[in-house]
Each structure stands twice: as structure tokens, then as C-alpha cells.
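Enquirer: Encoded as C-alpha cells, here's the structure I'll be asking about.
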Ligand code: KMH
Ligand code: ZN
């Protein structure tokens, strides 16, 4: 099997210090947490940014500051900015960090319930985001919350808006979206075009079993506070790094080596920026 790419989603837009005091907000906190996760074995950081009070933002200048500090500490980590942002943001807000030409960005491929709200990604939104990513040389990671979203990624490819090989992130177990069973994951992996790569992010208590399954199935793993703030039942994780460290240990036991950022670039077909 190819080496294991670990993505760390260090802060997200929804979790707060009330959920876990170790959730990072400021550029200093986010870059420090990313550095710890990188030292633990993460080769990609999935990056949301915040105002200093924790309010999520897609502001390009806040992204720029965060990316500069991350680059100082982790010279070769792959930075994957979010274009999901938060549910109340406009498309114009959400696309801003792509203009900074990061190596990767998330591209959400459909609409779903999200908590008590709607996470809206119309075909026009997807086309617009894909075109912007192509224009700026940014590799999309397709965020997939439901099986049908894979078909939307496929038509973006058919329309020539994204280049193959495609890379998918199955987000599984979020309330109101697809469930996070082993059969669900296998169904998802069998639905993507041959030659594609995939990772999985289990939400909450599904983070650990989905990570273990991905290690065994030959996929890749996403862990971090955005998706889960617990280490085990009722026990908060101390840091993003602690969640990454556990994946590294599991992979070691199961015979999967961990990819460096450059090895991850090769697996994902990304040219170093
Ligand atoms: N915060 C969610 C509404 C992404 O980063 O692309 C969307 C999200 C997905 O986090
Ligand atoms: Zn995200």
C-alpha cells in the first residue's frame, strides 16, 4: 500500500474553546497547533481561520497571516485552505483564500442539512469555485457528505473544470448526512473514478474507527478538532497532535508508513508551489 497521508483539520468553523479549551483561534495558536500536528506526522493542514475572538472568517488577510506563520514553522507542509467556511458566508467570502494560491483547497460538492442550518453549494457555486481553483493552480479536495455528491465532482471533471486524478474526502457521521459504518465507507470508495485518491474524516466518535478503516483499506486519514474534540468517550483531546499521534501509532501497528509532505505531493499529483 502507498504511504499514509494524514490531514489535520486543526480548528474548523464550528467548534469553540467552550467545546475544548485547546481549540486554536489566533494565528499564533493555529500555527503552533499545526506545528505540533506536523511534528506528529501530519503532511496536510486543512485550514480555517478565525478572528482573535474565535469568530470564523474567510478574510484573505487573516488567511495570509496564518499561512505565513505556518510556513515559518512547517516549511514543507501542504496548506489546504477551506472554501466551506461557515454556513452563513457568501460564495464571495468563501473563495477569498484561493486567491493566495495555496497548494490545495476544499471544494464542497453538494448541499445538506448542517446542524439546524443548511450548508449550501449549488452547481453554480461549485463551478465558480472549481474555475477559481484552476485559475490559481490550486488542487481541489472534494468534500463529500453524501454519496450523490461524488457525481457532482465527476461532472466538474467531465466539464474540464478540474484535472484528474481527483482527490476525495469523505466526511462521515455528521448529523443529518451519511452514516459512518464500514459498509458506508466501502460503498464510497467504490463510487469514485479509478485512479482517484481518498481520505476520510469521521465526525465525533466516528473519527477513530474511520481512521482505522482507512489505514486498512489503503485510503488516507483526516483527524483534528474541526471534526472531533474528544480523545475517547468523555475525555477531551489535549491537542490536535494527540489525535495525529494515535493515527501514526495505529498505522505503525498495521504496517502503513507515514507520508512526508513531499511524498503526499507525489501521491496526490501536486507540484510544489
Ligand atoms: N464549516 C462547514 C460549513 C470545508 O471546509 O470545506 C464546511 C466545512 C467544509 O468545513
Ligand atoms: Zn473544513
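Enquirer: Here are some conditions: (1) under 27 Å from residue 211 (Cβ atoms); (2) within 16 Å of ligand 1 (Cβ to nearest atom). Residue 38 meets all but one. Which one does it not meet?
Expert: Every condition holds for residue 38 apart from (2).
Enquirer: So in segment 1-27, with the set limited to residues that are within 9 Å of residue 54 (Cα to Cα) and more than 16 Å from ligand 1 (Cβ to nearest atom), which one is surrounded by the most Cβ atoms within 10 Å (Cβ to Cβ)?
Expert: Step by step, filter segment 1-27, then rank; the result is 26.
Enquirer: Continuing with the same structure: Could you list, ordered by first residue, the pairs with Cβ atoms under 6 Å in which the first is in segment 161-180 and in contact (Cβ under 8 Å) with a residue 24 or more places away in the chain and at positive phi and the second is crowded, with 22+ Cβ neighbours inside 10 Å and assigned to a loop (DSSP other than H, G, I, E, B), at least 6 apart or interchain?
Expert: Partner pairs satisfying both residue conditions: 173/180.
Enquirer: Moving on to the next point. For segment 81-100, check the following and say yes or no: at least one residue is on the phi > 0 side of the Ramachandran plot and more than 9 Å from ligand 1 (Cβ to nearest atom).
Expert: No: segment 81-100 contains no residue that is on the phi > 0 side of the Ramachandran plot and more than 9 Å from ligand 1 (Cβ to nearest atom).
Enquirer: So, one more: What strands (runs of 3 or more DSSP E) lie completely within segment 64-138 and have 2 or more residues being touching a strand residue (DSSP E or B) at 6+ places or on another chain (Cβ under 7 Å) and closer than 19 Å to residue 160 by Cα?
Expert: Result: 104-108.
Enquirer: Here is a follow-up. Please verify whether residue 43 is under 24 Å from residue 240 (Cα atoms) and either more than 11 Å from ligand 1 (Cβ to nearest atom) or at pLDDT below 95 (or both), treating the condition exactly as stated.
Expert: Yes; evaluated as a whole, the condition is true for this residue.
Enquirer: Can you name every residue in segment 107-120 that is near ligand 1 (Cβ under 9 Å from one of its atoms) and buried (at least 23 other Cβ atoms within 10 Å of the Cβ)?
Expert: 107, 108, listed by residue number.
Enquirer: Let me ask something else. Across segment 3-54, what is the total count of residues that are within 16 Å of ligand 2 (Cβ to nearest atom) and either assigned to a loop (DSSP other than H, G, I, E, B) or on the phi > 0 side of the Ramachandran plot (or both)? Break it down stepwise before answering.
Expert: Step one: list which residues in segment 3-54 are within 16 Å of ligand 2 (Cβ to nearest atom), which gives 6-16, 19, 23-25, 30, 33-34, 37, 42, 44-50, 54.
Among the residues that remain, those that are also either assigned to a loop (DSSP other than H, G, I, E, B) or on the phi > 0 side of the Ramachandran plot (or both) are: 10-16, 19, 23-25, 42, 48, 54.
Total satisfying the criteria: 14.
Enquirer: Within segment 79-103, track down each residue that is within 12 Å of ligand 2 (Cβ to nearest atom), in contact with a helix residue (DSSP H, G or I) (Cβ under 8 Å, 6 or more places away or on another chain) and over 12 Å from residue 67 (Cβ atoms).
Expert: Within segment 79-103, 82, 83, 84, 85, 94 meet the criteria.
Enquirer: Tally up the residues in segment 215-231 that are over 16 Å from residue 44 (Cα atoms) and in contact (Cβ under 8 Å) with a residue 24 or more places away in the chain, please.
Expert: 7
The values are calculated or read from the model by the stated rules, or taken from the named source; none is laboratory data. Treat the numbers as computed from the prediction; the structure is a model and nothing was measured. Neighbour counts are summed over all protein chains in view; Cβ atoms, including those assigned to glycine, are modelled from backbone coordinates with ideal geometry.
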